[in-house]
Amino acid sequence: MTRTQVGIIGAGPAGLMLSHLLHLAGIESVILESRSRKAIEETIRAGVLEQNTVDLMVETGVGARLQREGFVHHGFEFRFEGHGHRIDLTGLTGGRAITVYPQHEVLKDLVEARLAAGADIRFETRDVALHDLTSTPRITFTGVDGQPGELACAFIAGCDGSYGVSRPAIPADKRRDFLRIYPFGWFGILADAPPSAHELIYARHERGFALISTRSPDVQRMYFQCDPADSVDNWSEDRIWAELQTRTEGEGFRLTEGRIFQKNIVPMRSYVCEPMQYGRLFIAGDAAHTVPPTGAKGLNLAVADVFILARALERSLKSGADEGLQSYSATALKRIWRAQHFSWWMTSMLHRFEDATAFDRRRQLAELELVTSSESAARTVAENYVGLPLA
Ligand code: RFL
Ligand code: PHB
């Protein structure tokens, strides 16, 4: 049996950042992760970091490569009815911005920093199970060598994403689920091409939403709204480019095309679990909530959760003061519901809904007109997009 102060399940942004913050506070943790290091460092997911996430990485010594290789964006574009309208993020928020830096690069930086500091990260761990959550918590598992293992800890942090084992370990009668499933998904591609625009483009078109993002001067990330039950095999390169060109057309704009080397379809939902605690188990990140990617909030919320949790755990473990842990769920949920509303709002404003009436479509356009013509409405978008301050 291994002993540690905090047993962390999952080496995603939440689990790794939590372990890093605890280490800086002099607190030990062990991370149990079901996938291999290579798999987590290669999975393509988020791309947009809020100012808070960037600041936290830089302040805690894991931001050097991010500062060198990330792309700072001071605005983005809403595109509808064939015209582009810029949201001046920096001007509207008193100097804040977002940084495009892929999630798997964040993970590489965090894994490297944790391992360099001697962290115990167990990759390829199977059969993780949580026990005695209201007394003396334990985690049992099967190690990469096939041997059974056991971890005894003062607290467990469930950072194992949407499909992990931590949230289901909270008894059903002790939690409440809030769920909305959207009737569409996102078709995502990575292409070998130069950027078509200096900033991200969120496009609303009668055929559906499209998003033009980037990864580097040579690789571009783009998405378009699709049927979540569709298959990537139904989409040839030509068909994908034709769809993206149509949804972003106007004012002579053309996407620069290139070889598509990755395609995937992600479903879209909004979900929250309340509370984010049961006994000595605390859940954080996607284990506790999901947002549709339209607001670019998922990774950033995961980081915000563990920022709050790390401070609360530190206070409890160092001085026995548990108020921070008792209020963790309520404090985190305030920010989470703000991000839930913003992500739902962006999604509703930009996507095609099959059951929308002609009235609904005109109202959607009126809303886009409002956020691109009224400074106060644009500021609301900008403040939420760059992220509200952490504390
Ligand atoms: P993760 O990243 O899912 O990590 C959970 C980890 O737990 C492991 N695990 C287990 N380990 C042990 N035992 C088990 N039983 C386990 N079950 C699972 C998993 O292998 C994994 O390594 O959750 P975390 O840390 O909470 O981080 C959340 C973010 O990954 C997620 O919210 C974002 O990717 C969402 N997201 C975006 N967020 C942003 O902030 N900005 C964006 O631009 C953005 N774009 C996106 C996105 C998500 C997308 N997809 C694929 C849903 C774009 C897309 C397309
Ligand atoms: C991305 O680059 O993957 C990305 C950017 C903005 C979003 C979602 C995803 O809202």
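Miscellaneous remarks
- Criterion: within 23 Å of HIS83 (Cα to Cα) and of a type outside the set (Phe, Trp, Tyr) - qualifying residue of ALA229, ALA191, ALA210: ALA210
- Qualifying positions in region 266-307 - crowded, with 21+ Cβ neighbours inside 10 Å and of a type in the set (Gly, Ala, Ser): ALA284, GLY285, ALA287, ALA288, GLY295, ALA296, GLY298, ALA302, ALA304
- Among the residues making up region 75-90, those that are open to solvent by 20 Å² or more (accessible area, probe 1.4 Å) and in contact (Cβ under 8 Å) with a residue 40 or more places away in the chain are GLU77, GLU81, GLY82, HIS83, GLY84, HIS85, ARG86, ASP88.
- Search result, residues across region 84-104 that are assigned to a loop (DSSP other than H, G, I, E, B), within 16 Å of ligand 2 (Cβ to nearest atom), touching a helix residue (DSSP H, G or I) at 6+ places or on another chain (Cβ under 6 Å) and not aromatic (Phe, Trp, Tyr): ALA97
- Strands (runs of 3 or more DSSP E) enclosed by region 2-83 - at least 1 residues per element that are over 30 Å from GLU206 (Cα atoms): 2-9, 29-32, 71-73
- Where strands (runs of 3 or more DSSP E) sit wholly within region 204-298, none has at least 3 residues that are more than 16 Å from ligand 2 (Cβ to nearest atom) and over 30 Å from PRO389 (Cα atoms).
- First in region 97-109 and touching a residue at least 40 places away in the same chain (Cβ under 8 Å) and within 10 Å of ARG215 (Cβ to Cβ), second anywhere and open to solvent by 20 Å² or more (accessible area, probe 1.4 Å) and within 9 Å of ligand 1 (Cβ to nearest atom), Cβ under 9 Å, 6 or more apart: PRO102/ILE44; PRO102/ARG45; PRO102/ALA46
- Inside region 328-339, residues that are open to solvent by less than 50 Å² (accessible area, probe 1.4 Å) and in contact with a Leu (Cβ under 9 Å, 6 or more places away or on another chain) make up a count of 5.
- Residues of region 166-198 classified as surrounded by fewer than 18 Cβ atoms within 10 Å (Cβ to Cβ), within 15 Å of ligand 1 (Cβ to nearest atom) and outside any strand (DSSP E or B), total: 1
The values are calculated or read from the model by the stated rules, or taken from the named source; none is laboratory data. Nothing here was measured: the structure is a model prediction, and the numbers come from that model. Every residue, glycine as well, gets a Cβ built from its backbone with ideal geometry; the counts of neighbours run over all protein chains shown. Calculation scope for accessible area: heavy atoms of the full protein, side chains included, ligands and nucleic acids excluded. Shrake-Rupley method; radii C 1.70, N 1.55, O 1.52, S 1.80 Å.
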